[in-house]
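Read through the structure below, which is laid out as structure tokens, and then see the notes.
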Amino acid sequence: ADTEAEAGQATASEFGAAFIRTDISQMAEAEAAVALALKQHGRLDILVQNAGIYPWQLIENTSPEDWDRVMAVNLRGSFNATRAALVPMKAQRHGRMLFTSSITGPHVTSPGHGHYSATKAGINGLIRAAALEFAGYGITVNGVEPGNILTEAIELHRGAAYIQNMQDSIPLGRLGSPRDVANAFLFLASDDASYITGTTIVVDGGQLLPEGKDFRLLPP
């Protein structure tokens with residue numbers, strides 16, 4: 001689901017999927033998205049909750065309304081998706097619930113990401129709680145924590161200097177690709193991950209590993 005209807009429809013058509021415009025912060029719209037999946041396919045086996053916003057805003061400049069908006073989309077949206085998907089998955093006694101978290105919040109943060117960090121740390125808590133509560137229904141619940149990913153938005157709005165600076169902080173020497181993140185989701189959605197629940201996979205090229213900036217001590 002995508003709030004940009006034209007782009008969402010084009011993406012869905014490319015992959016032979018169905019599209020529904022959804023404001024995930026609203027429970028009724030989350031339920032409508034699940035209902036469409038059930039109408040199209042008769043069951044719901046995999047949920048990927050990827051919707052999120054990340055406006056740059058220092059805490060001292062964040063209004064309660066600003067805070068609530070990020071919470072509504074990122075954290076309440078994850079709750080809404082969970083509740084909506086639980087109904088058919090519980091009836092099936094099977095399902096995979098997957099969430100996009102981040103290294104920002106659960107592990108690190110930076111100025112201007114206070115509300116975003118709080119939501120991603122909260123999503124990790126939701127993953128663990130839901131995994132415990134839903135295990136008896138045959139439902140696994142996991143997440144993916146991307147690091148710096150080279151998206152179209154990054155290339156368009158950040159520029160070469162920003163990208164180079166990020167690459168220099170990553171032991172593998174490059175930003176991740178959307179495919180790197182997608183592959184982690186594919187694994188968690190597969191039967192190969194049937195005994196994995198309540199955890200997250202970090203996809204960051206080793207960015208969290210160094211204790212300091214000078215980590216390239218060996219010759220390339």
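The values are calculated or read from the model by the stated rules, or taken from the named source; none is laboratory data. All values reported here derive from a predicted model rather than from experimental measurement. Note: ideal-geometry Cβ built from the backbone for every residue, glycine included; neighbour counts use all protein chains shown.
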Original post:
Could you list, in sequence order, the residues of the range 125-157 that are loosely packed, with under 15 Cβ neighbours inside 10 Å, modelled with pLDDT under 95 and of a type in the set (A, V, I, L, M, F, W, C)?
Top reply: Ala153, Leu156
Original post:
Among the numbered criteria (1) within 23 Å of Ser25 (Cβ to Cβ); (2) without any contact (Cβ under 8 Å) to a residue 12 or more places away in the chain, which single criterion is violated by Val73?
Top reply: (2)
**OP:** Specify the residue that is farthest from Ser190 (Cα to Cα); the eligible residues are those in the range 18-52 that are assigned to a loop (DSSP other than H, G, I, E, B) and either modelled with pLDDT under 90 or in contact with an Asp or Glu (Cβ under 6 Å, 6 or more places away or on another chain) (or both).
**Re:** Asp23
**OP:** Could you tell me whether any residue of the range 92-109 is under 15 Å from Thr197 (Cβ atoms), among the basic types (Lys, Arg) and more than 15 Å from the chain's Cα centre (by Cα)?
**Re:** yes
Subject >> Residue under evaluation Val202, criteria (1) closer than 19 Å to Glu145 by Cβ; (2) assigned to a loop (DSSP other than H, G, I, E, B); (3) at pLDDT 95 or above, criterion not met >> reply: (2)
Original post:
Consider Gln167 against the criteria (1) surrounded by fewer than 20 Cβ atoms within 10 Å (Cβ to Cβ); (2) in contact with a Lys or Arg (Cβ under 8 Å, 6 or more places away or on another chain); (3) more than 22 Å from Glu211 (Cβ to Cβ): it satisfies all of them except one. Which criterion is unmet?
Top reply: (3)
Original post:
Since Ala160 meets every condition but one in (1) surrounded by 14 or more Cβ atoms within 10 Å (Cβ to Cβ); (2) more than 21 Å from the chain's Cα centre (by Cα), which condition does it not meet?
Top reply: (1)
**OP:** Considering only the range 23-53, state which residues are over 19 Å from Ile139 (Cα atoms), under 16 Å from the mean Cα position of the chain (by Cα) and among the polar types (S, T, N, Q).
**Re:** Ser25
Original post:
Would you pick out the residues in the range 75-85 that are farther than 10 Å from Asp45 by Cα and buried (at least 16 other Cβ atoms within 10 Å of the Cβ)?
Top reply: Leu75, Arg76, Gly77, Ser78, Phe79, Asn80, Ala81, Thr82, Ala84
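Only residues that are closer than 26 Å to Gln92 by Cβ, of a type outside the set (S, T, N, Q) and part of a strand (DSSP E or B): list them for the range 112-164, please.
Selection gives Ile139, Val141, Gly143, Val144.
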